[in-house]
Amino acid sequence: MTDPNNPEPTDAAILEVFDNDGDGVVDSALVDVDGDGVGDVVASDADQDGAIDTLSYDTDGDNYFETAAVDTDGDGNADTVLVDEDADGNADVAFVDVDQDGDIDNAYVNDPGTGEWTEVDPGSGDTSVV
């Protein structure tokens, strides 16, 4: 029997695939990771090179994808994590692992008033814009 808190890999299912620009090539896929019939992850290949560029996660089951892991340099490793804390469709916080050693090297906060990103100390835990 499958533990719903630790789904087996066979529980995952692709619910939908999308050709967002109509060129006949799949751009993204909605994946149900825990087998409950609801999409949990969107895997996207924005540049259509055959490699996943972004994995967006619904972290709290509200059908809104609050967190995204992004491979900005195309090497197959996620180097940036974006978080939309207020679920408004805009990333509020970005964590960047520049040297891809698994440690956060830079953190940024998006000022909703200006749309500008401000670097903050990644170790401080402070994600407010001064």
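Here are the numbers for the structure shown:
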item: Single condition E85 does not satisfy, out of (1) in contact (Cβ under 8 Å) with a residue 40 or more places away in the chain; (2) within 24 Å of D99 (Cβ to Cβ); result: (2)
item: Lone unmet requirement of (1) surrounded by 12 or more Cβ atoms within 10 Å (Cβ to Cβ); (2) part of a loop (DSSP other than H, G, I, E, B); (3) of a type outside the set (D, E, K, R) for F95; result: (2)
item: Selection from region 98-111 of residues that are in contact (Cβ under 8 Å) with a residue 12 or more places away in the chain and surrounded by fewer than 17 Cβ atoms within 10 Å (Cβ to Cβ); result: V98, Q100, I104, D105, N106, D111
item: Counted residues, region 88-128 - those being acidic (D, E), within 19 Å of S56 (Cβ to Cβ) and at pLDDT 85 or above; result: 2
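Let's see how each residue does on (1) touching a strand residue (DSSP E or B) at 6+ places or on another chain (Cβ under 8 Å); (2) outside any loop (DSSP other than H, G, I, E, B); (3) open to solvent by 50 Å² or more (accessible area, probe 1.4 Å); (4) acidic (D, E):
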site: I52; (1), (2), (3), (4): yes, no, yes, no
site: L55; (1), (2), (3), (4): yes, yes, yes, no
site: G76; (1), (2), (3), (4): no, no, yes, no
site: L82; (1), (2), (3), (4): yes, yes, yes, no
site: D88; (1), (2), (3), (4): no, no, yes, yes
site: A91; (1), (2), (3), (4): yes, no, no, no
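The values are calculated or read from the model by the stated rules, or taken from the named source; none is laboratory data. No experiment lies behind these values; they were computed from the predicted model shown. Neighbour counts are summed over all protein chains in view; Cβ atoms, including those assigned to glycine, are modelled from backbone coordinates with ideal geometry. Note: accessible area is taken over every heavy atom of the protein model, side chains too, but ligands, DNA and RNA are not part of it. Shrake-Rupley method; radii C 1.70, N 1.55, O 1.52, S 1.80 Å.
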